[in-house]
Amino acid sequence: MKKTGVQHRITRVYLIQLLLISLATVLGVWATANIIEHVLVKQALIKEADHYWSLLETNPTQPRPNTRHLLGLLSSDAVQDGVPEVLAELPDGYQRVNLAGERPIVYIEHRNDARLYLIFDEKRVSVLAFMFGILPLTGVLLVIYITSFLGWRKSRALLSPLVQLSDALRQTPVNDPSVARPNLSEIAADSGSEVAVLVAALDGYAERLVSFVERERQFTRDASHELRTPLAVFRANLELLVSQVGDRPLIRRMDDTVDDMEATLETLLMLARTEQQSQQSEDVIVNDLSVNLIERLNPLAERKQIRLQVRQTALLSVNCPEAALTIVLTNLVRNAINYSGSGDVTIVVMERAVQVVDYGAGMDADELARVMQPFERGGSVEGGHGLGLAIVQRLCERYDWELMVSSEPGKGTEVRVQF
């Protein structure tokens, strides 16, 4: 599965969520510690100093604070406690001091000729804060992490059938109708779940689609075979008619129509075979194929007063079934002959491409878009079945060739097949 899959995105969301929770917790602990130290402890020491000064005014022998966490020292004319030199040099106020290898909080204040030093040892308070603050917070974080992990695992389990379905559809070779139906039997989805309903719906849809494609291929094969017999009878009668009454324009027109029908039937049969099984590919010299095509279609072009020619600017070889390329070029040249009206039709063989150019009536953008659809024909009075360009387009899609058509009214049409 790709790193952009839904499971990877959910994993990233959970990791980002845990990171944000951890970051918020760390910032909260840091902010709380600073508030305790710079606000609560400072205010407590200030109040403690005020309280001591008030007691000292009523009792000059009032002892200094001396508890488990707080030590008071006084320096005055009447009392000289052993104040460390590092404290004596400090200014009044609230600060931390390096004292005997430790960093206690010291509050210094003087009134009149006396100076009071309050030394607060917050280590024990920190231990209590850790026990009653950090440990419960750690427990809460562990609960958050565990529940997030369980939720992540549950979400992956719920999405696993959907990911399997996505992989099965992605690996299905849709270009080959014979194996285009995906195998959804191995997708483990809970009965009655949304994924199980989706899998059943897709499986049913694939079954109907494959049946429809198979019926279409079978109809194409059967219809093409069945139509060959009446066409053969019709051609034989035309040949007999020519031998009896001679060559007439009407008979030539009927003969051209039979040729078109036979070419269409061969194309339909070829399409049915290529969709049913892969055709043998070979190196086809497009230059030679174009010359042979000109020779074969030249009688049709002469009857319509059109000159066929080949212009070669490169030696082009394409690895593909020869029949497929022959049908593509035949349809393009026949279209050019039937719809150009008069003038020249040129097959241009170039590097990695071949194009058919005519200088006939041309088409505007709306008509060009319309003739790319099956059973649609251009505005010519010539006959046709409206399948030429549609068949060419289908074969180009089958072999990953690029079909480009450009046309302008009054200037002709240019069709390029890029290999």
**OP:** Give the residues of segment 38-49 that are loosely packed, with under 12 Cβ neighbours inside 10 Å and not aliphatic (A, V, I, L, M), sorted by residue number.
**Re:** Gln43, Lys47
Original post:
Of the residues Asn331, Asn319, which is touching a residue at least 60 places away in the same chain (Cβ under 8 Å) and of a type in the set (S, T, N, Q)?
Top reply: Asn331
Original post:
Restricting the search to segment 281-316, which residues are open to solvent by less than 50 Å² (accessible area, probe 1.4 Å) and part of a strand (DSSP E or B)?
Top reply: Val284, Ile306, Leu308, Val310
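Looking only at residues in segment 154-187 that are of a type in the set (S, T, N, Q) and assigned to a helix (DSSP H, G or I), which one is modelled with the lowest pLDDT? It would help to see each step written out before you state the result.
Going through segment 154-187, the residues of a type in the set (S, T, N, Q) turn out to be 155, 160, 164, 166, 171-172, 175, 178, 183, 185.
Checking the rest, the ones that are also assigned to a helix (DSSP H, G or I) come to 155, 160, 164, 166, 178.
Details: Ser155: 77, Ser160: 74, Gln164: 74, Ser166: 72, Ser178: 58.
Among those that are of a type in the set (S, T, N, Q) and assigned to a helix (DSSP H, G or I), it is Ser178.
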**OP:** Please go through segment 199-253 and pick out each residue that is open to solvent by 70 Å² or more (accessible area, probe 1.4 Å) and among the hydrophobic types (A, V, I, L, M, F, W, C).
**Re:** Leu209, Phe212, Phe219, Leu227, Val233, Phe234, Leu240, Leu250
Original post:
Can you find even one residue in segment 55-72 that is within 30 Å of Ser160 (Cα to Cα) and either at pLDDT 85 or above or part of a helix (DSSP H, G or I) (or both)?
Top reply: no
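Taking segment 338-360, which residues are in a strand (DSSP E or B) and open to solvent by less than 30 Å² (accessible area, probe 1.4 Å)?
Here is the first cut: in segment 338-360, the residues in a strand (DSSP E or B) are 343-350, 353-358.
Within segment 338-360, Val345, Thr346, Ile347, Val348, Val349, Ala353, Val354, Gln355, Val356, Val357, Asp358 meet the criteria.
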Subject >> Residues (touching a Phe, Trp or Tyr at 6+ places or on another chain (Cβ under 8 Å) and either of a type in the set (Asp, Glu) or over 13 Å from Leu45 (Cα atoms) (or both)) located in segment 64-79 >> reply: Arg64, Leu73, Leu74, Ser75
Original post:
Assuming Gln17 fulfils every condition listed in (1) open to solvent by less than 60 Å² (accessible area, probe 1.4 Å); (2) modelled with pLDDT of 80 or more; (3) farther than 18 Å from Phe120 by Cβ; (4) not acidic (Asp, Glu) apart from one, which condition is it?
Top reply: (1)
Original post:
Within the set of pairs 6+ apart or on separate chains, which have a first residue in segment 154-171 that is under 11 Å from Ile10 (Cβ atoms), a second that is modelled with pLDDT of 75 or more and among the β-branched types (Val, Ile, Thr), and C-beta atoms under 9 Å apart?
Top reply: Ser155/Ile10; Arg156/Ile10; Arg156/Thr11; Leu159/Ile10
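Restricting the search to segment 188-208, which residues are in a helix (DSSP H, G or I) and either touching a residue at least 12 places away in the same chain (Cβ under 8 Å) or in contact with a Ser or Thr (Cβ under 9 Å, 6 or more places away or on another chain) (or both)?
Val195, Ala196, Leu198, Val199, Leu202, Asp203, Ala206, Glu207
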Original post:
Restricting the search to segment 361-407, which residues are open to solvent by 60 Å² or more (accessible area, probe 1.4 Å), at pLDDT 70 or above, part of a loop (DSSP other than H, G, I, E, B) and not small (Gly, Ala, Ser)?
Top reply: Asp364, Asp400
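The values are calculated or read from the model by the stated rules, or taken from the named source; none is laboratory data. Only a predicted model underlies this, so the values are computations on that prediction, with no experimental measurement involved. Cβ atoms come from the backbone with ideal geometry, glycine included; neighbour counts cover every protein chain shown. Accessible surface is based on the protein model in full, side chains and every heavy atom, while ligands, DNA and RNA are left aside. Shrake-Rupley method; radii C 1.70, N 1.55, O 1.52, S 1.80 Å.
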